[in-house]
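Shown next, in structure tokens, is the structure this report addresses.
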């Protein structure tokens with residue numbers, strides 16, 4: 001832990017991508033800890049320290065909307081290869097705020113009914129309500145990632161989907177939703193170790209699927225698909241952040257920081273009472289024996 | 001803290017009602033701590049101690065269902081007067097388990113669209129999926145509580161609703177759902193203090209509604225409605241527990257205990273691998289450099 005920067009002053013940022021980014025995800029180090037000088041224990045401590053601030057901001061966001069029809073919201077989109085740590089983000093970052101203010105949707109392979117609609121149809125239904133933090137565990141991006149890798153959609157179709165996604169996210173922004181997009185970036189080597197752990201521990205067997213091994217054959221294709229998707233959809237209003245995820249503790253504090261930044265950007269305030277407080281105190285007192 | 005019973009051996013039970021119960025909720029003390037000999041600090045410590053067990057059981061419940069079409073689930077129904085502490089249960093008990101395994105629904109006054117249907121129509125849609133812990137913050141019971149107090153349904157209609165509710169909960173049980181029903185039981189005096197706190201703190205003003213004071217006029221009618229509803233719907237398969245809630249810390253450990261009991265009753269097991277583990281270890285190894 002660096003003596004120059006106290007823990008509480010550090011801001012793990014991941015690798016934020018700007019609009020017009022033309023880089024390659026494979027040039028970003030999955031073991032890096034951008035914005036943070038510290039070790040695992042420091043990271044765990046920071047997560048704990050900041051969870052109170054996150055909790056407070058979430059409650060303000062919820063309260064600011066109370067009794068109103070509109071209001072601001074946050075949508076956290078989490079993408080990543082198998083074992084990248086999406087579940088850990090849900091549990092250890094999102095799980096630290098009041099569950100009443102959070103709406104998590106895990107998008108699995110679409111059902112036959114869902115497939116009969118446009119790919120955004122099932123996504124739109126889970127856009128967060130005012131006052132809420134919505135979280136997508138996988139998302140509309142599956143339709144430009146796995147679909148590209150396996151050739152389920154051709155290049156022209158994928159480009160149309162980028163356009164549709166950007167338009168959709170612009171709509172969300174116009175409706176008051178701050179969209180936070182995270183790629184949890186792990187190395188192929190780290191994934192191998194994590195899959196092996198699932199095989200070695202009987203209480204983790206249920207998390208393993210033999211097709212996980214097959215998908216490793218397509219690793220480079222996935223990285224290429226991520227690079228292209230992140231280039232095409234890092235917009236001014238909804239940029240991506242590539243979060244190095246080989247160190248789980250770092251990924252968690254970085255995503256927590258992104259949520260804090262989003263909420264601080266909204267700066268939700270406790271709403272003023274729409275009744276006369278003194279009058280109500282008097283009325284209430286009259287009911288107390 | 002009694003020296004005879006170590007903290008970890010204590011089981012806060014609330015007041016469990018049996019089928020055929022003919023008591024009166026007003027005879028149950030909202031400040032009692034049945035099954036627990038200890039003070040606030042002990043209660044907070046027990047909540048912390050047991051949250052790991054709850055977390056573990058929830059993960060097993062989720063895992064046991066994984067990849068299967070059926071499976072067990074739990075539904076926690078929480079009822080109580082305004083300020084009884086429903087939100088605190090969501091935050092401090094339910095909030096301690098992985099949010100991916102929990103599905104909370106807060107039932108507000110029904111919308112015009114919902115009112116065009118049978119009162120159970122909107123409820124049924126939120127029955128927990130296999131592997132999940134569903135939580136209702138208010139529920140179908142509003143239709144036999146506030147509806148009775150304000151005369152929005154006559155006595156015959158209320159009786160029909162009891163029958164419909166019992167049939168619905170029997171269906172849930174047959175589908176593998178353990179139904180846990182909790183009345184958070186506070187005193188009118190305690191409610192007065194909690195409402196006053198909402199009026200005295202600007203960050204709580206949004207939680208107060210002037211009609212909360214009006215409703216206090218109907219306190220005795222509400223207790224009567226609860227008594228009748230709990231008598232009519234404490235069934236063998238889905239009994240009620242009246243949880244004294246004047247002490248928030250007690251209500252939380254009691255509800256946590258009820259969830260633990262429900263999950264231990266299900267006794268979910270890690271599912272066996274449906275693939276050859278050694279074969280997959282070999283395949284995975286072949287992909288690792």
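Just a few scattered comments:
- Any chance residue A:113 is more than 22 Å from residue A:174 (Cβ to Cβ), at pLDDT below 95, loosely packed, with under 14 Cβ neighbours inside 10 Å and more than 14 Å from chain B (Cβ to nearest Cβ): yes
- Residue within region B:27-44 that is in a helix (DSSP H, G or I), over 16 Å from residue B:128 (Cα atoms) and touching a strand residue (DSSP E or B) at 6+ places or on another chain (Cβ under 7 Å) present: no
- Subset of region B:274-289 [within 7 Å of chain A (Cβ to nearest Cβ) and modelled with pLDDT of 95 or more]: B:275, B:277, B:280, B:281, B:283, B:284, B:287
- Residue within region A:273-288 that is in a loop (DSSP other than H, G, I, E, B), touching a helix residue (DSSP H, G or I) at 6+ places or on another chain (Cβ under 8 Å) and in contact (Cβ under 8 Å) with a residue 40 or more places away in the chain present: no
- Any hit, region B:71-80, residues being within 14 Å of chain A (Cβ to nearest Cβ), more than 27 Å from residue B:197 (Cα to Cα), surrounded by 19 or more Cβ atoms within 10 Å (Cβ to Cβ) and touching a residue at least 24 places away in the same chain (Cβ under 8 Å): yes
- Scanning region A:87-104 for residues that are more than 9 Å from chain B (Cβ to nearest Cβ) and farther than 13 Å from residue A:255 by Cα, we see that the one that is farthest from the chain's Cα centre (by Cα) is A:101.
- Answer residue from region B:194-203, given it is surrounded by 16 or more Cβ atoms within 10 Å (Cβ to Cβ) and more than 24 Å from residue B:227 (Cβ to Cβ) and is farthest from the other protein chains (Cβ to nearest Cβ) among those: B:198
- There is no residue in region B:11-19 that is crowded, with 19+ Cβ neighbours inside 10 Å, more than 14 Å from chain A (Cβ to nearest Cβ), without any contact (Cβ under 8 Å) to a residue 40 or more places away in the chain and within 24 Å of residue B:190 (Cα to Cα).
- Subset of region B:241-269 (residues that are outside any helix (DSSP H, G or I), farther than 23 Å from residue B:164 by Cα and touching a strand residue (DSSP E or B) at 6+ places or on another chain (Cβ under 7 Å)): B:243, B:244, B:245
- All positions within region B:71-118 that are under 27 Å from residue B:225 (Cβ atoms) and in a strand (DSSP E or B): B:74, B:75, B:76, B:77, B:78, B:79, B:80, B:104, B:105, B:106
- Lone unmet requirement of (1) outside any loop (DSSP other than H, G, I, E, B); (2) within 13 Å of chain B (Cβ to nearest Cβ); (3) farther than 22 Å from residue B:129 by Cβ for residue A:68: (1)
- Scanning region A:208-230 for residues that are in contact with a strand residue (DSSP E or B) (Cβ under 9 Å, 6 or more places away or on another chain) and under 15 Å from residue A:186 (Cα atoms) yields a count of 1.
Yes/no matrix, rows are residues, columns are (1) free of Cβ contacts under 8 Å to residues at least 12 places away in the same chain; (2) within 14 Å of another protein chain (Cβ to nearest Cβ); (3) surrounded by 18 or more Cβ atoms within 10 Å (Cβ to Cβ):
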position	(1), (2), (3)
A:218	no, yes, no
A:251	no, no, yes
A:262	no, no, yes
A:267	yes, no, no
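- Residue selected from region A:116-130 under the condition in contact with a strand residue (DSSP E or B) (Cβ under 8 Å, 6 or more places away or on another chain) and either within 14 Å of another protein chain (Cβ to nearest Cβ) or farther than 15 Å from residue A:171 by Cβ (or both), by the criterion surrounded by the most Cβ atoms within 10 Å (Cβ to Cβ): A:130
- Residues being within 14 Å of chain A (Cβ to nearest Cβ), assigned to a loop (DSSP other than H, G, I, E, B) and either at negative phi or crowded, with 20+ Cβ neighbours inside 10 Å (or both) are entirely absent from region B:162-185.
- Of the candidates A:232, A:225, A:238, the single residue that is over 19 Å from residue A:49 (Cβ atoms), modelled with pLDDT of 95 or more, assigned to a loop (DSSP other than H, G, I, E, B) and in contact with a helix residue (DSSP H, G or I) (Cβ under 9 Å, 6 or more places away or on another chain) is A:238.
- No other residue among A:48, A:72 is under 29 Å from residue B:52 (Cα atoms) and in contact with a helix residue (DSSP H, G or I) (Cβ under 9 Å, 6 or more places away or on another chain) apart from A:48.
- Taking first residues from region A:187-215 that are under 18 Å from residue A:80 (Cβ atoms) and partners that are at pLDDT below 95 and assigned to a loop (DSSP other than H, G, I, E, B), the Cβ contacts under 6 Å between residues at least 6 apart in sequence or on separate chains come to A:192/B:288.
- Scanning region A:119-133 for residues that are in contact (Cβ under 8 Å) with a residue 40 or more places away in the chain and in a loop (DSSP other than H, G, I, E, B), we see that the one that is farthest from the chain's Cα centre (by Cα) is A:119.
- The condition of being touching a strand residue (DSSP E or B) at 6+ places or on another chain (Cβ under 8 Å), touching a residue at least 60 places away in the same chain (Cβ under 8 Å) and under 26 Å from residue A:20 (Cβ atoms) does not hold for residue A:149.
The values are calculated or read from the model by the stated rules, or taken from the named source; none is laboratory data. Nothing here was measured: the structure is a model prediction, and the numbers come from that model. We place every Cβ from the backbone using ideal geometry, glycine too, and count neighbours over all the protein chains shown.
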